[in-house]
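Read-outs throughout are calculated quantities, based only on the coordinates presented, and are distinct from any laboratory measurement. Keep in mind the model is a prediction, meaning the values are calculated, not measured. Counting neighbours? That spans all protein chains shown, and the Cβs are built from the backbone with ideal geometry, glycine included.
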Amino acid sequence: MSSTLPASVASAVERIRAVLGPAGCLEDPADVEPYLVDFRRLYRGATPLVACPASTADVAAVLAICHELGVAVVPHGGNTSYCGGATPHESGDEIVLSLRRMNRVREVDAGNFSLTVDAGCLLTEVQAAAEAADRYFPLALGSEGSCQIGGNLATNAGGLNALRYGVARDLVLGLEVVLADGRVIDGLSSLRKDNTGYDLRNLFIGAEGTLGVITAASLKLFPRPRTVEPAFVAVPDMGAAVQLLARTRAATGDAVTSFEFLPRIAVELTTRHVPGVADPLDRPYEAYVLCEVSTARDDPALRSLLEGTLEQAIHDGLALDAVLAESLAQRAALWRMRESVPEGQRAEGASIKHDVSVPVAALPRFVAEATAAVLAIVPAGRLVAYGHVGDGNLHFNVSVPLGEDGTAFLAHAEAMHEAVHGIVRRYRGSISAEHGIGRLKREALARHKGHVELEVMRAIKQALDPKGILNPGKVLPEPDAGR
Ligand code: MLT
Ligand code: ZN
């Protein structure tokens, strides 16, 4: 490959080799392969080198070299992006920067309810470090065993507990970031209060590696939940689910940690395709909610409160049936069903995805309008609209009609995105509630963001990465796109 590389890229590769040594450089095609294809297999890129630095100083050295030579760098975490945010371009001229060797828990400060970790720690490793100190790190996602905390922060991941604890951004106290030219912002403070000017930290969260590379983070911890009560509730529809959410929040003293909506088809796809998943209720219903309440106290009364709320909801027609978990194994089974919806949907064939959010109270109207819009385009499309109703965030996905060809179905993707996003805009919603922009949604971003917002985003990019070497072609649309 190196014979066809531009001289600047070949020179960068040689100099990075000298800095990182063999342990820090993947070049063998078999070793590089996993870094070339995104999780959803939408993109296949190429790269002459996957650089695997072992320290912040290494990252700084790699970026300084690439900045000097004008060579592009694609930061790469656990490769769980849904939008191709960490995949290099097919040109083969971009260097991949994997943070996987930077996986140390630097400090756990139980008294300050904080911990400091390298960006390459798996999310489960961060959770475990907190638990070992009798603390709780609440970010939780289906991919937590393979995603890295640096990627979670770079994409501002949401997940299953955002309703109570917020999204990734809300859990950050400080960041260490390497800038495009190799300078390091040492912002690893663990303070709750610090009103000293611009909030640089929040610029890098959600920027998907286009403004700097997050190398470490200081994160908030919480008391460990001691009473956790999940319930699987059959509901008539989204309207009932939204009312049940408000009622349960009020009745439990705002103890609702998660409130996830599942249409019947989500239960069917998971029970059909994912081993070990079973329908917890003995007859089918139109829709369900997986609701979990928790508190940091040992509190037997919480279960009775939840039971009472659900009994009243059944009486009032907001719920049709419900089952509470009787054991940790039952709780795990409920969450396994919820977390394997993407796997069930993938196994069912092609799908067109929308990761949208609208104000919670608008969800029922949004679902009705967006369903009609989707079915007007593909009348037999199978709606798999599920997700984080407590956050107003739905994965408004559509699976290929039964027995139809996936490629023909996917040809409708653009029309469907346009239709669904148009409705989202009317509710002042978001076209990417928690999955980011990456490469997939750049053009949609151009249509969705205001002119002035895009100008400010470009000005920030220009100020922090004037040579445009950080994750080019991601997040920011081309200047003439959209509108
Ligand atoms: C989920 O909540 O299951 C994920 O965000 C994945 C998805 O959109 O399918
Ligand atoms: Zn989700």
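Observations on the model:
- Positions within the range 128-164 being surrounded by fewer than 19 Cβ atoms within 10 Å (Cβ to Cβ), within 16 Å of ligand 1 (Cβ to nearest atom) and more than 26 Å from Gly212 (Cα to Cα), in sequence order: Gly142
- Within the range 434-453, residues that are surrounded by 19 or more Cβ atoms within 10 Å (Cβ to Cβ) reach partners that are hydrophobic (A, V, I, L, M, F, W, C) and assigned to a helix (DSSP H, G or I) with beta carbons closer than 6 Å, at six or more positions or on different chains, in the pairs Ile437/Leu445.
- For beta carbons closer than 8 Å, sequence separation of 6+ or different chains, a first residue in the range 161-173 that is closer than 17 Å to Leu115 by Cα and a second that is among the polar types (S, T, N, Q) and part of a helix (DSSP H, G or I), the qualifying pairs are Ala168/Asn152; Arg169/Asn202.
This table checks each residue for (1) within 21 Å of Leu63 (Cα to Cα); (2) not polar (S, T, N, Q).
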{"position": "Ala162", "(1), (2)": "no, yes"}
{"position": "Leu171", "(1), (2)": "no, yes"}
{"position": "Val177", "(1), (2)": "yes, yes"}
{"position": "Gly182", "(1), (2)": "yes, yes"}
{"position": "Ser190", "(1), (2)": "no, no"}
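- Condition check for Leu123 on (1) within 13 Å of ligand 1 (Cβ to nearest atom); (2) closer than 15 Å to His76 by Cα: one failure, at (1).
- The set of residues in the range 353-366 that are away from ligand 2 (no atom under 16 Å from the Cβ) and either in a helix (DSSP H, G or I) or surrounded by 20 or more Cβ atoms within 10 Å (Cβ to Cβ) (or both) comprises Ala361, Ala362, Pro364, Arg365, Phe366.
- Number of positions in the range 111-154 that are in contact with an Asp or Glu (Cβ under 7 Å, 6 or more places away or on another chain) and farther than 21 Å from Glu176 by Cβ: 2
- Checked against (1) within 16 Å of ligand 2 (Cβ to nearest atom); (2) at negative phi, Ala446 passes all but a single condition, namely (1).
- Residue in the range 100-111 that is in contact with a helix residue (DSSP H, G or I) (Cβ under 6 Å, 6 or more places away or on another chain) and either outside any loop (DSSP other than H, G, I, E, B) or hydrophobic (A, V, I, L, M, F, W, C) (or both) present: yes
- Residue, farthest from ligand 1 (Cβ to nearest atom), within the range 375-404, restricted to residues that are closer than 27 Å to Met337 by Cα and part of a loop (DSSP other than H, G, I, E, B): Gly403
- Look at the range 72-94: where a residue is in a strand (DSSP E or B) and a partner is among the aromatic types (Phe, Trp, Tyr), sitting 6+ places away or on another chain with Cβ atoms under 9 Å, you get Val74/Tyr35; His76/Tyr35.
- Selected residue (only one of Glu260, Glu326, Glu292 is surrounded by fewer than 22 Cβ atoms within 10 Å (Cβ to Cβ) and charged (D, E, K, R)): Glu326
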